[in-house]
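Shown next, in structure tokens, is the structure this report addresses.
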Amino acid sequence: MTWSTRQLAELADTTVKTVRHYHKLGLLEEPERAPSGYKRYDVRHLVRLMGIRRLTDLGVPLSDIPTVAAADARSKEILRTLDAELAANIERQQHMRRQLAAILEDGASLGLPAGFGAAAATLPQAQQDLLVASSSVLTPTAMSFIRDQYTRPRDKMDEEFEHLPADAPEDVRRRLAAHLAATVRAQRADRTALTDLDAASRRNGKLARSVVTQSVVAFYNEAQLDVVRLLHGLLQKEEAERGGTGETLRASNSASPDHSRHSLRRASP
């Protein structure tokens, strides 16, 4: 007894279109035809078709099926490569599920880089946008440093800066700049700050600085920008008084966040 194309497709849980496609690619041998012109498939065609379906279900590309089916020297190499790709896809999907769990269960924000939790989700939108832009140039280690800052108790002046109105008076701006400068000095002393944008970036220095500069200008209001300028001015002055090399000066002029968690959290990175 032989079968028609439709019957063969049903037996293999596939479609007539797929069977014809396999014929076209040379994966499935054309059967003999009856005097009426209809194809007549037998059990050998069914076994071959089932084998092709099994390999495609495993993810083997159609172009590699002849090699794998022949079990020649390259077949194991193809299967190992496929296995490695599947393992990478599983890890990617598990990572995606962890991120979704954080969003659904922990209140993390879709508007933040991966890994930033509910604490950072309370930031103003401009601050969140700044973190997202920073993640395009900073290394995972640098982003991890910034993320760790949000797990610690929040400084009231941090929040004051984050919500600083554009028309904040001069004395408030100077007070914030002085406070941030003191924090920079403390973090430099215990070496907890990221001090080199080039080292902290996964892009070239010029590109990283352009992202940082544009982010600060785009996402800070006039008063916040003034605080950053005042902060950099204080640090430049201290550097000059110590007879420094001018590295801080250059970084400050490029709006680089090379100063402490405040520079990292605000001047992004």
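With respect to (1) closer than 30 Å to SER136 by Cβ; (2) open to solvent by less than 90 Å² (accessible area, probe 1.4 Å), the lone exception for THR56 is condition (1).
A search for C-beta distances below 6 Å between a residue of region 126-145 that is in contact (Cβ under 8 Å) with a residue 60 or more places away in the chain and any residue that is of a type in the set (Val, Ile, Thr) and assigned to a helix (DSSP H, G or I), counting only pairs 6+ apart in sequence or on different chains, returns ALA133/VAL211; VAL137/VAL211.
In the list ALA114, ALA121, ALA71, ALA88, which residue meets the criterion of being out of contact with any helix residue (DSSP H, G or I) (no Cβ under 7 Å at 6 or more places or on another chain) and closer than 30 Å to ASP158 by Cβ? Working first, answer last.
Numbers: ALA114 fails: out of contact with any helix residue (DSSP H, G or I) (no Cβ under 7 Å at 6 or more places or on another chain); ALA71 fails: closer than 30 Å to ASP158 by Cβ; ALA88 fails: closer than 30 Å to ASP158 by Cβ.
Residue meeting the stated conditions: ALA121.
Within region 42-53, take every residue that is in contact (Cβ under 8 Å) with a residue 24 or more places away in the chain and open to solvent by 20 Å² or more (accessible area, probe 1.4 Å) and give me the one that is nearest to GLU85 (Cα to Cα). Break it down stepwise before answering.
Our first condition is that a residue be in contact (Cβ under 8 Å) with a residue 24 or more places away in the chain; within region 42-53, this holds for 42, 45-46, 49-50, 52-53.
Restricting the remaining residues to those that are open to solvent by 20 Å² or more (accessible area, probe 1.4 Å) gives 42, 45-46, 50, 53.
On the way: ASP42: 36, HIS45: 30, LEU46: 29, MET50: 24, ARG53: 20 Å.
Here the answer is ARG53.
As a summary of the residue check, LEU100 satisfies the conditions (1) surrounded by fewer than 14 Cβ atoms within 10 Å (Cβ to Cβ); (2) in a loop (DSSP other than H, G, I, E, B); (3) among the hydrophobic types (A, V, I, L, M, F, W, C) except for the one numbered (2). From the list GLY111, GLY117, the lone residue that is surrounded by 14 or more Cβ atoms within 10 Å (Cβ to Cβ) and under 15 Å from the mean Cα position of the chain (by Cα) is GLY111. Within region 36-52, identify whether any single residue is within 25 Å of THR213 (Cβ to Cβ) and in a helix (DSSP H, G or I), and answer yes or no. For region 36-52, residues within 25 Å of THR213 (Cβ to Cβ) and in a helix (DSSP H, G or I): absent. The C-beta contact set for region 152-169 (first residue under 12 Å from VAL227 (Cβ atoms), second residue charged (D, E, K, R), distance under 6 angstrom, 6+ apart or interchain) comprises ALA166/GLU222.
Among the residues of region 18-38, which ones are within 52 Å of the chain's Cα centre (by Cα) and open to solvent by 30 Å² or more (accessible area, probe 1.4 Å)? Don't jump to the end; show me each part of the working.
Keep residues of region 18-38 that are within 52 Å of the chain's Cα centre (by Cα), which gives 18-31.
Those that are within 52 Å of the chain's Cα centre (by Cα) and open to solvent by 30 Å² or more (accessible area, probe 1.4 Å): THR18, ARG20, HIS21, LYS24, LEU25, GLY26, GLU29, GLU30.
Considering ASP167, ASP155, the condition of being more than 23 Å from THR213 (Cβ to Cβ) and modelled with pLDDT of 90 or more is satisfied by ASP167 alone. Based on what the data block shows, is ASP64 open to solvent by less than 60 Å² (accessible area, probe 1.4 Å) and either touching a helix residue (DSSP H, G or I) at 6+ places or on another chain (Cβ under 8 Å) or in a loop (DSSP other than H, G, I, E, B) (or both)? Considered against the rule, which asks whether it is open to solvent by less than 60 Å² (accessible area, probe 1.4 Å) and either touching a helix residue (DSSP H, G or I) at 6+ places or on another chain (Cβ under 8 Å) or in a loop (DSSP other than H, G, I, E, B) (or both), ASP64 comes out as yes.
Residues of region 63-90 that are of a type outside the set (D, E, K, R) and within 31 Å of the chain's Cα centre (by Cα): ILE78, LEU79, THR81, LEU82, ALA84, LEU86, ALA87, ALA88, ASN89, ILE90. Scanning region 201-217 for residues that are of a type in the set (S, T, N, Q) and either more than 7 Å from VAL137 (Cβ to Cβ) or more than 20 Å from the chain's Cα centre (by Cα) (or both) returns ASN204, SER210, THR213, GLN214, SER215. For the residues GLN93, GLN128, the requirement of being in a helix (DSSP H, G or I) and in contact with a Gly (Cβ under 6 Å, 6 or more places away or on another chain) singles out GLN128.
In region 74-85, what residues are part of a helix (DSSP H, G or I) and either out of contact with any helix residue (DSSP H, G or I) (no Cβ under 7 Å at 6 or more places or on another chain) or open to solvent by 90 Å² or more (accessible area, probe 1.4 Å) (or both)? The answer is LYS76, GLU77, ARG80, THR81, LEU82, ASP83, ALA84, GLU85.
Can you name the residue in region 154-171 that is hydrophobic (A, V, I, L, M, F, W, C) and assigned to a loop (DSSP other than H, G, I, E, B) and, of all such residues, is surrounded by the fewest Cβ atoms within 10 Å (Cβ to Cβ)? Give the steps one after another, and end with the answer.
Taking region 154-171 first, the residues hydrophobic (A, V, I, L, M, F, W, C) are 157, 161, 164, 166, 168.
If we keep only those that are assigned to a loop (DSSP other than H, G, I, E, B) too, we end up with 164, 166, 168.
Details: LEU164: 21, ALA166: 11, ALA168: 20.
Only one residue tops the list, namely ALA166.
All conditions in (1) more than 26 Å from THR67 (Cα to Cα); (2) free of Cβ contacts under 8 Å to residues at least 24 places away in the same chain hold for LYS39, with the sole exception of (2).
The values are calculated or read from the model by the stated rules, or taken from the named source; none is laboratory data. These figures come from a predicted structure and were not determined experimentally. Reconstructed Cβ throughout: ideal geometry from the backbone, glycine too, with neighbour counts over all protein chains shown. Accessible surface is based on the protein model in full, side chains and every heavy atom, while ligands, DNA and RNA are left aside. Shrake-Rupley method; radii C 1.70, N 1.55, O 1.52, S 1.80 Å.
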